[in-house]
Each structure stands twice: as C-alpha cells, then as structure tokens.
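First the structure, in the form of structure tokens, and then the observations on it.
The values are calculated or read from the model by the stated rules, or taken from the named source; none is laboratory data. Predicted model, so just to flag it, every value in this text is computed and none were measured. Positions of Cβ are generated from backbone atoms using ideal geometry, with glycine treated the same way; all protein chains shown enter the neighbour counts. What goes into the accessible areas is simple: the full protein's heavy atoms, side chains included, and nothing from ligands, DNA or RNA. Shrake-Rupley method; radii C 1.70, N 1.55, O 1.52, S 1.80 Å.
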Amino acid sequence: MWFKKSETGKQGTVKFFNNSKGFGFIAENDTDKEHFVHVTGLVDKIREGNKVSFDLQAGDKGLNAVNVKRIK
C-alpha cells in the first residue's frame, strides 16, 4: 500500500496515551484508522479522551501523528 509522505489537517480523539512511556494512539474522525503518536510529536499535553488536531508524517513503521494539538 502506498502512502503520501505527509497529510495535514486531521482531527481525532486520543484513544490511548501512556505518559511514562511517551506514546499512544489517536483514532481519526470519520475513519476507522488509528495513528501512532510519540511525545516528540506533541504541541500540547494530551490524555485519553482529548479531541485533537494533527498532521500525519511517514515514519519507520507507517504514518505517525505529529503537530498534535488539543482542540479547546
């Protein structure tokens, strides 16, 4: 399957985030896709259930959520 190197303007909900390990997953709105997020890709602190906006960027194992910001 071919992916674009990056995509912008996505929104979703934090499904899981482990603060001590620094990673988690975001469920994208309007799709069944989940994206890996690492603490280095965060703009704001997040926790499970937060609504967020994010961009996607190609990583070693697929697309990763980056520029993750909480939606107020």
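Numbers at a glance
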| quantity | calculated |
| --- | --- |
| Amide H contacts of Lys33 (H built 1.01 Å from N, under 5 Å, at least 5 apart or other chain) | Glu28 |
| 21 Å Cα cut-off, lysine pairs counted over the chain (separation 8 or more, or different chains) | 28 |
| Accessible-area composition of the chain, carbon plus sulfur, in percent [1.4 Å probe] | 48 percent |
| Förster-model FRET efficiency, 35 Å R0, Asn29 and Ala58, C-beta, rounded to 0.05 | 0.95 |
| Virtual spin-label span in nm between Arg70 and Thr13, 7 Å along Cα→Cβ | 1.7 nm |
| Total charge dipole magnitude, the stretch 2-72, about the Cα centre, Cβ charges on Lys, Arg, Asp, Glu only, Debye to nearest 20 | 240 debye |
| Mean accessible surface per residue for the chain, computed with a 1.4 Å probe while every protein chain stays in place, in Å² | 72 Å² |
| The stretch 16-62 - Rg over Rh from alpha carbon coordinates, Kirkwood radius | 0.92 |
| For the chain, built as a Gaussian network whose Cα springs stay under 10 Å, the top-fluctuating residue of Gly12, Gly41, Gly59 | Gly59 |
